[in-house]
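Written below as structure tokens is the structure these notes are about.
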Amino acid sequence: MIKAGIVGATGYAGGELVRILYAHKEVEIKWLYSKSYEGQTYSDIYRNMSSMADVKLVSGDLGELSKEVDVIFTATPQGYLASVLNEEILKNSKVIDLSADFRIKDVKTYEKWYGIEHKSPQFIGEAVYGLCEKNREDIRYARLIANPGCYPTCSFLSIYPAAAEHIIDVNTIIIDAKSGTSGAGRGAKVNNLYCEVNENIKAYGLPNHRHTPEIEEQISYASGESVLLNFSPHLVPMNRGILVTAYASLNQKSDGSYYSEDEIREIYEKYYNKEKFVRVLKKGVCPETRWVEGSNFTDVNILVDDRTHRLIMMGALDNIVKGAAGQAVQNMNIMFGFKEEEGLEMPPVFP
């Protein structure tokens, strides 16, 4: 049994961490941290946790609190962890950060895209990008995990086998992505009000959404090539879910022919047939957000457009679970030698 603390416990990702960890056989939640709600009872804020999380929210010095736990989850805005992280905290506890503070290896790139100064660049080099399906072995020995973003997770898992096997020209990738409104966080913003979002769909953050360099960096690592791509996110009026439809030109094989859909499907199945939380769907079945909601699954599939010689790569996940809290718990399970699926075997919720 290990002890965990959650910073930012009253946000959507923090709330999902609480829900998942309360059902985890190997974890005791030692404290829940929130500056905004300090002193209030957690279950008064999230009444779904009544009689389960009737604890007072705390605040204070993270260095002192780190002495009480084995792992800290930080579900906080960009810049928070980088501003407080130090060697003392990392000696006391492993840290799994759900923000972007340690995802991007080049500090200048981070500062350009996020518009803030990085306060602890000395830890960027050792931070492991917590995409379990690719970096599992590095995660086992890490003390600092950069939990991937929701859009990057869905995009990468949809594209990864095709990029790694050089099936596609990675510099022709276009990613069209849709997200539910929980991806924007729990803070009050005019653009996220019901009347602003309902009965509407819109693109945002074009052409430079801040998840773009994270996606480019990870696909570059997978393909061994420097990648430049288009990423176009959209907001849709639903609570949860991300749907990615990505396109890229097929590379020709040495004989001048193109990869067939069956050949590419075989490659995807080879990459993911041992992955508990990535489901390659049957031929012709497109991923849908409703079939992954509330779960840690990512559904993926591919189609070949023989007319244009382009590959269509599709994925769907729950942005708060596999796109945030569920993936963080999956990382924790690997780090502490637990069953990777412990606490995460909940089936998707429908309807």
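Things to note:
- Qualifying residue in the range 49-57 (condition: crowded, with 18+ Cβ neighbours inside 10 Å, in contact (Cβ under 8 Å) with a residue 12 or more places away in the chain and within 24 Å of the chain's Cα centre (by Cα)): yes
- Within this structure, residue 161 fails the test of being within 27 Å of residue 102 (Cβ to Cβ), surrounded by 15 or more Cβ atoms within 10 Å (Cβ to Cβ) and within 15 Å of the chain's Cα centre (by Cα).
- Matching residues in the range 165-195 - criterion: being of a type in the set (Val, Ile, Thr) and over 17 Å from the mean Cα position of the chain (by Cα): 167, 168, 170, 172, 173, 174, 190
- Any hit, the range 78-91, residues being under 22 Å from residue 318 (Cα atoms), outside the structural domain of residue 213 (by TED's automatic domain parsing) and either surrounded by 22 or more Cβ atoms within 10 Å (Cβ to Cβ) or under 17 Å from the mean Cα position of the chain (by Cα) (or both): yes
- Here the helices (runs of 4 or more DSSP H) wholly within the range 190-276 that include at least 3 residues being closer than 28 Å to residue 350 by Cβ and outside the structural domain of residue 109 (by TED's automatic domain parsing) are 194-197, 261-272.
- The range 223-242, residues that are closer than 19 Å to residue 135 by Cα and surrounded by fewer than 20 Cβ atoms within 10 Å (Cβ to Cβ): 224, 225
- Residues of the range 292-315 satisfying the condition of being closer than 22 Å to residue 186 by Cα and either small (Gly, Ala, Ser) or touching a Phe, Trp or Tyr at 6+ places or on another chain (Cβ under 6 Å) (or both): 294, 295, 296
- Some residue of the range 100-110 being buried (at least 16 other Cβ atoms within 10 Å of the Cβ), touching a residue at least 60 places away in the same chain (Cβ under 8 Å) and on the phi > 0 side of the Ramachandran plot: no
- For the range 165-210, the set of residues classified as surrounded by fewer than 17 Cβ atoms within 10 Å (Cβ to Cβ), in contact with a helix residue (DSSP H, G or I) (Cβ under 8 Å, 6 or more places away or on another chain) and either β-branched (Val, Ile, Thr) or modelled with pLDDT of 95 or more (or both) consists of 166, 190, listed by residue number.
- Cβ separations smaller than 6 Å between residues 6+ apart or across chains give the following pairs from the range 178-204 residues that are within 24 Å of residue 245 (Cβ to Cβ) to residues that are in a loop (DSSP other than H, G, I, E, B) and among the charged types (D, E, K, R): 180/240; 182/240.
- In the range 146-157 there is no residue matching the filter, namely being under 15 Å from residue 315 (Cα atoms) and surrounded by fewer than 22 Cβ atoms within 10 Å (Cβ to Cβ).
- Criterion applied to 42, 46, 33, 12 was being surrounded by fewer than 20 Cβ atoms within 10 Å (Cβ to Cβ) and touching a residue at least 24 places away in the same chain (Cβ under 8 Å), and the one residue passing it is 46.
The values are calculated or read from the model by the stated rules, or taken from the named source; none is laboratory data. What you see is a predicted model; the values in this text were computed from it and never measured. Cβ: placed from backbone, ideal geometry, glycine included. Neighbour counts: every protein chain shown.
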